[in-house]
Amino acid sequence: MNLILLGPPGAGKGTQARRLQDGHGLIQLSTGDMLRAAVASGSDIGNQVKAIMERGELVSDDVMIAMIKDRIQEADCADGFILDGFPRTTAQAEALDEMLADMGRALDNVVEMRVDDLALVGRITGRYSCAKCGAGYHDDFQKPATEGVCDSCGSTEFSRRKDDNAETVTSRLEAYHAQTAPLLPYYDGKGVLAGVDGMAEIDEVTLQIEAVLGAG
């Protein structure tokens, strides 16, 4: 089973991908994580990515596709994968489809996590994490049981992403809608697109996604 989760930053793609990974034996492929892993590996592609990033440039579609191809050929992706953060444009979607077809594979489902932009700004700007173990929290929705103490590891140090502010989040949402909106008719035309309510409770979103997969 090969899936794509579509949704703006903060829509909960990572949370749902981890649940799908645990429940179906799929591997979550976050492009950010793959880029960092490629650089750390010292592979040919990794060295290309490192040089591009050091120049402050964006990694080209060709390099991204090559990196994804290498990754999904690894043994742990035999049962399928979940792409999170790619593709972001129709050109990337077309290149991904072509690469998968060459490998005798295809996408089974593309799940759009639909969200309310205004509510999402509040969701993102309030989040923070444990600086030691990475456990996630939120000012309003998910506070530690004991204020100032991580539930998971007991650390008292927390951090926030510098870009989790209203201005930056709003800009990222605008960029997402501008770049990714064309993907919806593209995948709808292929009969693999389905939408779920990304603003629902986490468990409800999971149930909606499972219903999509069961109907596929």
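The values are calculated or read from the model by the stated rules, or taken from the named source; none is laboratory data. Because the structure is a prediction, the values reported are computed rather than measured. Cβ sites come from the backbone with ideal geometry, for glycine too, and all protein chains shown count toward neighbours.
Within region 143-160, the set of residues being of a type in the set (A, V, I, L, M, F, W, C), over 11 Å from residue 133 (Cα atoms) and either modelled with pLDDT under 95 or touching a Ser or Thr at 6+ places or on another chain (Cβ under 9 Å) (or both) comprises just one member, 149. For region 137-192, what are the residues that are out of contact with any strand residue (DSSP E or B) (no Cβ under 8 Å at 6 or more places or on another chain), surrounded by 12 or more Cβ atoms within 10 Å (Cβ to Cβ) and of a type in the set (A, V, I, L, M)? 149, 169, 173, 175, listed by residue number. Scan region 1-30 for residues that are in contact with a Leu (Cβ under 8 Å, 6 or more places away or on another chain) and polar (S, T, N, Q) and the total you get is 3. If you go through region 85-125 and pick out every residue that is out of contact with any helix residue (DSSP H, G or I) (no Cβ under 6 Å at 6 or more places or on another chain), assigned to a helix (DSSP H, G or I) and at pLDDT below 90, you end up with 5.
Rundown of residues vs (1) modelled with pLDDT of 85 or more; (2) within 24 Å of residue 208 (Cα to Cα); (3) in contact with a strand residue (DSSP E or B) (Cβ under 9 Å, 6 or more places away or on another chain); (4) in a helix (DSSP H, G or I), yes/no style:
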site: 5; (1), (2), (3), (4): yes, yes, yes, no
site: 15; (1), (2), (3), (4): yes, yes, yes, yes
site: 19; (1), (2), (3), (4): yes, yes, no, yes
site: 23; (1), (2), (3), (4): yes, yes, no, yes
site: 29; (1), (2), (3), (4): yes, yes, yes, no
site: 36; (1), (2), (3), (4): yes, no, no, yes
site: 46; (1), (2), (3), (4): yes, no, no, yes
site: 50; (1), (2), (3), (4): yes, no, no, yes
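The residue that is surrounded by the most Cβ atoms within 10 Å (Cβ to Cβ), counting only those in region 102-130 that are acidic (Asp, Glu) and within 14 Å of residue 198 (Cα to Cα), is 112.
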